[in-house]
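Peer 1: Okay, handing you the structure first.
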Amino acid sequence: MNTIGIIGAMPSELADIRKTLGEAEVRHISGFDFYINSFNGKTIVNACCGIAKVNAALCTQVLADNFSPDCIINTGVAGGMNSNVKVCDIVISTEVLPHDLDLRFLTDYPPHCGIFKADKELIRVAEKVCRDFGVDSFRGRIVSGEAFVSDNTLKASIQLSWTPYAVDMESAAVGHACYLNKLPFVSVRCISDNADDEGAMSFDEFEKIAAKRVADIVLKMTEII
Ligand code: ADE
């Protein structure tokens, strides 16, 4: 792949990637700053989309329209939703969906798809890099919604409906936009909290560590794909 798009929601989720990539050309389009670097013979375009699904979908579309990426990697932190997944583990999306929308609105009407499959090769590479780094990783479903989940009752209800491995606020929208643009994507997330009653406290403690860990993994992935 020659051009790789990387999208994160918060500046902290891109800080380590930008530090490693060094000075970039920055293009400001439709309210987003796109950082463009040559890295190991490839073009890497990274952008901070902001939090939640509208931001993530828009940013993915603007990146697709202006940079013709060969794939998109969504990176950042997430809440753990499976009892085997621990804080600082990595979850690699097999598929993504919104947990706060009746999926019939997506399946019965355009785009006639509500669960967006991640690219198998990108999943394989993400898994390999985690293995090489000695980091525990899990493949599984990632769900996204318009809320930071830090409540045992809400967590249990999402688990019952969707059996996800992780919850965040953007992956489903990146996957949705990539589906419409026929673009391979994967979401690679480091767990910052368990999306439970202690979720907010854990997030504050582990967000930076988790963001750095996943940034290293995503940059290594770009060398292989
Ligand atoms: N991102 C990181 N942790 C999260 C959580 N618990 N809920 C939603 N998004 C998150």
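Peer 1: If I ask for residues that are aromatic (Phe, Trp, Tyr) and within 19 Å of the chain's Cα centre (by Cα), which ones from the range 105-120 would you list?
Peer 2: Within the range 105-120, just 116 meets the criteria.
Peer 1: Looking at the range 1-36, which of the residues that are modelled with pLDDT of 95 or more and among the hydroxyl-bearing types (Ser, Thr, Tyr) is farthest from the chain's Cα centre (by Cα)?
Peer 2: So, considering only residues that are modelled with pLDDT of 95 or more and among the hydroxyl-bearing types (Ser, Thr, Tyr), the one farthest from the chain's Cα centre (by Cα) is 30.
Peer 1: Within the range 38-89, how many residues are surrounded by fewer than 18 Cβ atoms within 10 Å (Cβ to Cβ) and in contact with a His (Cβ under 8 Å, 6 or more places away or on another chain)?
Peer 2: Total meeting the criteria: 0.
Peer 1: Just checking: which of the helices (runs of 4 or more DSSP H) contained wholly in the range 121-225 hold 2 or more residues that are modelled with pLDDT of 95 or more and within 13 Å of the chain's Cα centre (by Cα)?
Peer 2: In the range 121-225, the matching helices (runs of 4 or more DSSP H) lie at 171-180, 199-224.
Peer 1: Given the options 45, 77, 26, name the one that is under 26 Å from residue 194 (Cα atoms) and β-branched (Val, Ile, Thr).
Peer 2: That would be 77, the only listed residue that is under 26 Å from residue 194 (Cα atoms) and β-branched (Val, Ile, Thr).
Peer 1: Further, regarding this structure: Mind checking whether some residue in the range 97-106 is surrounded by 15 or more Cβ atoms within 10 Å (Cβ to Cβ), within 13 Å of the ligand (Cβ to nearest atom) and part of a strand (DSSP E or B)?
Peer 2: Looking for residues that are surrounded by 15 or more Cβ atoms within 10 Å (Cβ to Cβ), within 13 Å of the ligand (Cβ to nearest atom) and part of a strand (DSSP E or B), one finds at least one in the range 97-106, hence yes.
Peer 1: Residues of the range 143-174 being surrounded by 24 or more Cβ atoms within 10 Å (Cβ to Cβ) and in contact with a Leu (Cβ under 8 Å, 6 or more places away or on another chain), which ones?
Peer 2: Matches in the range 143-174: 143, 144, 172.
Peer 1: Test each condition in (1) surrounded by 15 or more Cβ atoms within 10 Å (Cβ to Cβ); (2) within 15 Å of the ligand (Cβ to nearest atom); (3) outside any loop (DSSP other than H, G, I, E, B) for residue 94 and report the one that comes out false.
Peer 2: Against the list (1) surrounded by 15 or more Cβ atoms within 10 Å (Cβ to Cβ); (2) within 15 Å of the ligand (Cβ to nearest atom); (3) outside any loop (DSSP other than H, G, I, E, B), residue 94 comes up short only on (2).
Peer 1: Give the residues of the range 205-225 that are within 11 Å of the ligand (Cβ to nearest atom) and among the acidic types (Asp, Glu), sorted by residue number.
Peer 2: 207
The values are calculated or read from the model by the stated rules, or taken from the named source; none is laboratory data. Small disclaimer: the values here were computed from a predicted structure and weren't measured. Heads up, the Cβs are rebuilt from the backbone with ideal geometry, glycines too, and the neighbour counts pull from every protein chain shown.
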